[in-house]
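The values are calculated or read from the model by the stated rules, or taken from the named source; none is laboratory data. Just so it is clear, the model here is predicted, and its values are computed rather than measured. Cβ coordinates were reconstructed from backbone atoms using ideal geometry, including for glycine residues, and neighbour counts include every protein chain displayed.
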Amino acid sequence: MTVETLRPASQSAALEVLRRVFGYDSFRGPQAEIIERVVAGGDALVLMPTGGGKSLCYQIPALVRPGTGVVISPLIALMQDQVDALRALGVRAGFLNSTQDPFQRREVEADFLAGELDLLYLAPERLRSESTMRLLDRGNVSLFAIDEAHCVAQWGHDFRPDYLELSALHERWPGVPRIALTATATQATRTEIATRLKLEDARHFVASFDRPNIRYRIEPKSEPSRQLLTLLRGEHPGDAGIVYCLSRASVEKTAEFLGRNGITALPYHAGLDARVRSANQARFLREDGLVMVATIAFGMGIDKPDVRFVAHLDLPKSVEGYYQETGRAGRDGLPATAWLGYGLSDVMQLRKLIDASEGDLAHRRRQSMHLDAMLALCETVECRRVQMLGYFGETSAACGNCDTCLTPAQTWDGTVQAQKFLSAVYRLKRERDQRFGAGHIIDILLGKENAKILQNKHQKLTVFGIGDELSEGEWRGVVRQLLAQRLLAVEGDYGTLALTEDSGVVLSGTRQVLLRREPPKAARAKSARPAKSGATDQASAELPADAAELFEQLRAWRATVAKEQSVPAYVIFHDATLRQIAARRPGTLGDLGGISGVGEAKLARYGQQIIDLLAESDPSR
Ligand code: ADP
Ligand code: ZN
């Protein structure tokens, strides 16, 4: 048989599984091609954003090829949920990791050896033991899927030494196809993955990293907690979301603040007891509408599809980090918000952290470049998405779904103000051993005769009182942007400001300084629904009132069922599926089966319950 005659058969088998098991109509983006490649026995390296649909890329080949697909994943805490979700679809799945007792393990091993597993999830450290290797020898492995493949990258945050061993799979089982998957967007990490996993001959599939349903918004922060509360109350009442903070202390403080204001919020950071941490994570995954306040220790592989917002109260250290963290919103393709509040103190703090960090000059320089790119994203007057995708090497057009597209940012000529501020820095620098931060310099420009100023005789400086055309807040915005543009630097432990190489051309008047006008507080972007592809389908349109009510009833039904089975709600049905049911009100099992996300197993199990629920709530009865 030639490859040509094989192709249509494998393709139609894959499509049949997609429809029957998962209840979806068609493949998304490069899914079809990837699946075809792996079904045919080829290796693949898959780079797809979070929410892009990576799981199907190995789950379907595992169902089409004879034998068991072995999935290597570092996310032990999530394996149970992943397996539950597959079983709910009627897929025979199991896992082996350190959370099981020997009895449970033996049962899974026996299923595997008897050929009764379609998918087997393994923690990477299992593969260090010869007994696991022998187990795999004795069974029939259809493919190896290496999930979160960026864990092999030694410079990354998520590096797992065990991942380095995974290239050995290829030597021991040369005939078994391997598919490595990651949502990491940078070219450097991609190359490192291919080299370390010996996937040079694999076909690389790179999807667009755009997440059109996420609305990006970046605002200067004045009162971060208040701004957060306004966002949650005004635009995301009752929604599940993640709030990222830089420090453990601010995680605790923010969670408490939200709690006092009637929002159920749980803390998550590395300083918490491991049991508390995993209990909080489990609640976040299982219950509807919880807010997780966390450091960036939280999130890798959180595959909760209905996270409606990700809010950053502190500036992320890189665009890559920002992209990954915000990417946890809106996996289900429905509208979601990414909100970031940042201010002058963030910039100062991060610059200081970099200066004080261990590691060689090259390392510090790299961190510094990452921060600069992040600041450029914050201060841009162009489309946020264009800038962010550009950072990952993708070109795109203005998106219509970010704050600068929705409310175009205005610029103003801040050359004179920059000169005033920089000359104040210069004058103070001449006073040896004096350390003055941004606040003090702003006070000088505003002509405040406070104790510190009088004590240092700063009312005598020629720059004293020459800046009263701006408010204190506006001056802070100027300083922040001067730092972002590297026209000003932070030195030492006290946050002393200093001139840079580029300051001179501003002072001499040869360089113009364009600044972003701070948005007036009232003119915040409204929570209009995005008008872009991927989010315009029926699933995301605003539901009419009676359908919205029905949707809530379906959600309540789902919560009860999920609780009975102690699985996360999304394992029963995703929001997107319930919304479509509410909008279309299918009258028969046949109609219900036609809705995206309702496969064979779920139709058999829940179909009648849903039809009954719809009949009871029928307004025409
Ligand atoms: P990733 O692992 O890339 O973050 P997932 O595999 O979790 O993404 O998929 C994200 C969401 O998209 C899931 O809810 C999944 O069920 C859904 N999905 C994936 N592929 C399709 C498809 N072809 N049609 C409809 N929904 C899909
Ligand atoms: Zn835009």
Legend entry - Complete set of residues in the stretch 136-146 that are in a helix (DSSP H, G or I) and aliphatic (A, V, I, L, M): L136
Inset, instruction - Pull up the stretch 207-224, narrow it to residues that are in contact (Cβ under 8 Å) with a residue 60 or more places away in the chain and surrounded by fewer than 17 Cβ atoms within 10 Å (Cβ to Cβ), then point me to the one that is nearest to P174 (Cα to Cα). - result: S208
Inset, instruction - Would you be able to say whether some residue in the stretch 257-278 is modelled with pLDDT under 95 and of a type in the set (F, W, Y)? - result: no
Inset, instruction - Report yes if T2 is among the β-branched types (V, I, T), within 15 Å of ligand 1 (Cβ to nearest atom) and at pLDDT below 95, otherwise no. - result: no
Legend entry - 1 or more residues more than 16 Å from ligand 2 (Cβ to nearest atom): qualifying helices (runs of 4 or more DSSP H) within the stretch 346-424: 361-379
Inset, instruction - Could you grab me the full set of residues in the stretch 147-185 that are buried (at least 20 other Cβ atoms within 10 Å of the Cβ), more than 16 Å from ligand 1 (Cβ to nearest atom) and part of a loop (DSSP other than H, G, I, E, B)? - result: A153, V176, P177
Inset, instruction - Could you list, in sequence order, all residues of the stretch 287-305 that are within 19 Å of V567 (Cα to Cα) and modelled with pLDDT of 85 or more? - result: E287, D288, G289, L290, V291, M292, K304, P305
Inset, instruction - Could you please let me know if L340 is more than 30 Å from R555 (Cβ to Cβ), touching a strand residue (DSSP E or B) at 6+ places or on another chain (Cβ under 6 Å) and modelled with pLDDT of 90 or more? - result: no
Inset, instruction - Would you point out the residue of the stretch 98-135, among those that are outside any loop (DSSP other than H, G, I, E, B) and touching a residue at least 40 places away in the same chain (Cβ under 8 Å), that is surrounded by the most Cβ atoms within 10 Å (Cβ to Cβ)? - result: Y121
Legend entry - Condition broken by G299, with the remaining ones in (1) within 16 Å of ligand 1 (Cβ to nearest atom); (2) surrounded by fewer than 17 Cβ atoms within 10 Å (Cβ to Cβ); (3) among the small types (G, A, S) satisfied: (2)
Inset, instruction - Tell me which residues, restricted to the stretch 152-192, are closer than 19 Å to E325 by Cα and among the aromatic types (F, W, Y). - result: W155, F159
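Each row is one residue, and each column tells you yes or no for (1) in contact with a Pro (Cβ under 8 Å, 6 or more places away or on another chain); (2) crowded, with 19+ Cβ neighbours inside 10 Å; (3) modelled with pLDDT under 95; (4) polar (S, T, N, Q).
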site: Q565; (1), (2), (3), (4): no, no, yes, yes
site: V571; (1), (2), (3), (4): no, yes, yes, no
site: G587; (1), (2), (3), (4): no, no, yes, no
site: R621; (1), (2), (3), (4): no, no, yes, no
Legend entry - Given (1) farther than 30 Å from E16 by Cβ; (2) in a helix (DSSP H, G or I); (3) at pLDDT below 90, number of the condition A539 does not satisfy: (1)
Legend entry - Meets criteria (more than 16 Å from ligand 1 (Cβ to nearest atom) and not assigned by TED's automatic domain parsing to the domain that holds T184) for L371: yes
Inset, instruction - Tell me, please, whether a residue that is assigned by TED's automatic domain parsing to the domain that holds V152, farther than 21 Å from H204 by Cβ and crowded, with 16+ Cβ neighbours inside 10 Å can be found in the stretch 24-45. - result: yes
Inset, instruction - Have a look at A149, A93 and point out the one that is closer than 26 Å to Q324 by Cβ and of a type in the set (A, V, I, L, M). - result: A149
Inset, instruction - Determine whether the stretch 200-217 contains at least one residue that is more than 30 Å from G400 (Cα to Cα) and of a type in the set (A, V, I, L, M, F, W, C). - result: yes
